[in-house]
Amino acid sequence: MANSSFAKELLDLTIKEQASDLHISVGHPPVLRVSGRLVPLVKKPVISAQDAEDFAFALLSQEQKGEFLAEKEIDFSYQLEDKGRFRVNVFRQRGNVGCALRLIPFKIHTVAELSLPPILSEFTKASQGFVLVTGPSGHGKSTSLAALIEEINHTRADHVITIEDPIEYIFEDDLAIIEQREVGQDTKSFAKALRATFRQDPDIIMVGEMRDPETIATALTAAETGHLVFATLHTNSASQSIHRIVDSFSAEQQAQVRSQLSGALLGIVSQRLLPRTKGGLIPACEVLFATPAVANLIRENKVHEIPLIIETSADQGMISLNRSLSNLVKAREITLENALAYSLNPLELRTLARG
């Protein structure tokens, strides 16, 4: 196979089929993920070890190639002409090269276009605080964050700095000035870039991923000192997100972190993408707003009581994951079977869906 033409052909096909992902794995034909399901391209030849290496090297710059050969894995973004952008991970498995590519559309969709709860727009109006978008990998966290930042872009004359690995959605400045920094290319690490933002006069900071205690601590400090901070975590619920943040620190630091978090937190959105009955994917969201009652539970280390607060605070815009799932089932947007597969409490969901 001619490496560059074969790579371009597969990337074009990924865009044409509106797939979310493309997988290149030795011993298999190329595989697309469409509406959450893996679809092997059985008419394409099975990928050989040389094919996989040629495909990867067609996307890598010389500098990136050197990094991959030294580190055996690399994350980067790749733009295919004016057709689409991809978040790419190239890695080794059993001595061979493997590639996973996520398609990032050029168009940044709005909260409404993504079928997200309209109440999320409230987070874009805050002047300071900490907003977390959480969920499993591949469930739309970056896309939801981009929608919120784009809403700010069109409604506020603010200075926004994003720190990403790699840069995914490209923002075009409207009312806001948006500066996007890529880990590896523009900065050494999330933590280093986040510390540097204090000298860059930002109003709003978006952290692509909080990977270590230093990044979490700096993000919390930024939220406490007059900045609006958006970040993501790979967690399954609002209460689990709070536990993850607190547990990232040593026992003697945890009381202080709980105190900081209780004061700085604005809210947490935990989302899943489910197959839509009419095709495509649709999000189900748990939404927590940091009311005084929630802040008190965080401070007093009673995080296990937060799900009950969410369930009983619909009048304040909160949404439990089961409530979101049951509403989608009742609207015939998703099947009950799929809803149960993503629920953290399937018994309760069955009751809600029947109600």
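The values are calculated or read from the model by the stated rules, or taken from the named source; none is laboratory data. Not measured: the values here are computed from a predicted model. Methodologically, a virtual Cβ is constructed for each residue, glycine included, from the backbone with ideal geometry; neighbour enumeration extends over all protein chains shown.
Quick notes on this structure:
- Check on Pro105, touching a Gly at 6+ places or on another chain (Cβ under 8 Å) and not acidic (Asp, Glu): yes
Here's the yes/no breakdown for (1) under 14 Å from Met206 (Cβ atoms); (2) touching a Leu at 6+ places or on another chain (Cβ under 8 Å); (3) free of Cβ contacts under 8 Å to residues at least 60 places away in the same chain:
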{"position": "Val90", "(1), (2), (3)": "no, yes, yes"}
{"position": "Arg102", "(1), (2), (3)": "no, no, no"}
{"position": "Lys107", "(1), (2), (3)": "no, no, yes"}
{"position": "Pro117", "(1), (2), (3)": "no, no, no"}
{"position": "Val131", "(1), (2), (3)": "yes, yes, no"}
{"position": "Pro136", "(1), (2), (3)": "no, no, no"}
{"position": "Thr155", "(1), (2), (3)": "no, yes, yes"}
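- Applying the criterion of at least 3 residues that are β-branched (Val, Ile, Thr) to the helices (runs of 4 or more DSSP H) found wholly in region 164-251 leaves 213-224, 238-247.
- Residue count, region 182-197 (criterion: more than 17 Å from Gln64 (Cα to Cα) and among the charged types (D, E, K, R)): 2
- Residue match in region 32-45 (condition: under 27 Å from Glu182 (Cβ atoms) and not assigned by TED's automatic domain parsing to the domain that holds Ile167): yes
- Any chance Arg276 is touching a residue at least 24 places away in the same chain (Cβ under 8 Å), surrounded by 15 or more Cβ atoms within 10 Å (Cβ to Cβ) and over 23 Å from Ile319 (Cβ atoms): no
- Scanning region 280-324 for residues that are touching a strand residue (DSSP E or B) at 6+ places or on another chain (Cβ under 9 Å) and acidic (Asp, Glu) gives a single hit, Glu286.
Matching residues to (1) out of contact with any strand residue (DSSP E or B) (no Cβ under 8 Å at 6 or more places or on another chain); (2) at pLDDT 95 or above:
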{"residue": "His23", "(1), (2)": "no, yes"}
{"residue": "Val46", "(1), (2)": "yes, yes"}
{"residue": "Ala49", "(1), (2)": "no, yes"}
{"residue": "Phe55", "(1), (2)": "no, yes"}
{"residue": "Ser61", "(1), (2)": "yes, no"}
{"residue": "Arg85", "(1), (2)": "no, no"}
{"residue": "Asn89", "(1), (2)": "no, yes"}
{"residue": "Val97", "(1), (2)": "no, yes"}
{"residue": "Ala100", "(1), (2)": "no, yes"}
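- Near pairs, Cβ below 7 angstrom, 6+ apart or cross-chain, from region 163-175 (over 25 Å from Val90 (Cα atoms) and outside the structural domain of Asn89 (by TED's automatic domain parsing)) to any residue that is surrounded by 21 or more Cβ atoms within 10 Å (Cβ to Cβ) and among the acidic types (Asp, Glu): Phe171/Glu150
- For Leu261: the one exception among (1) closer than 26 Å to Arg211 by Cβ; (2) assigned to a helix (DSSP H, G or I); (3) in contact with a strand residue (DSSP E or B) (Cβ under 6 Å, 6 or more places away or on another chain): (3)
- Strands (runs of 3 or more DSSP E) wholly inside region 28-144 containing at least 1 residues that are loosely packed, with under 15 Cβ neighbours inside 10 Å and not hydroxyl-bearing (Ser, Thr, Tyr): 37-40, 73-80, 84-93
- Some residue of region 280-297 being part of a loop (DSSP other than H, G, I, E, B), modelled with pLDDT of 95 or more and surrounded by 15 or more Cβ atoms within 10 Å (Cβ to Cβ): yes
- From the options Gly129, Gly95, residue that is of a type in the set (Gly, Ala, Ser) and outside the structural domain of Glu150 (by TED's automatic domain parsing): Gly95
- Test result for Ile15, over 18 Å from Ile167 (Cα atoms), under 26 Å from the mean Cα position of the chain (by Cα), outside the structural domain of Tyr169 (by TED's automatic domain parsing) and surrounded by 13 or more Cβ atoms within 10 Å (Cβ to Cβ): yes
- Contact map, region 228-256: first residue free of Cβ contacts under 8 Å to residues at least 60 places away in the same chain, second residue in a loop (DSSP other than H, G, I, E, B), Cβ cut-off under 7 Å, separation 6 or more or different chains; pairs are Arg244/Thr235.
- Number of residues in region 302-340 that are more than 24 Å from Pro118 (Cα to Cα) and loosely packed, with under 13 Cβ neighbours inside 10 Å equals 3.
- Hey, Ala196 among the aliphatic types (A, V, I, L, M), more than 16 Å from the chain's Cα centre (by Cα) and surrounded by fewer than 17 Cβ atoms within 10 Å (Cβ to Cβ) or not: yes
- Scoring Glu348 on the criteria (1) touching a Ser or Thr at 6+ places or on another chain (Cβ under 8 Å); (2) acidic (Asp, Glu); (3) not assigned by TED's automatic domain parsing to the domain that holds Lys141 leaves a single failure, condition (1).
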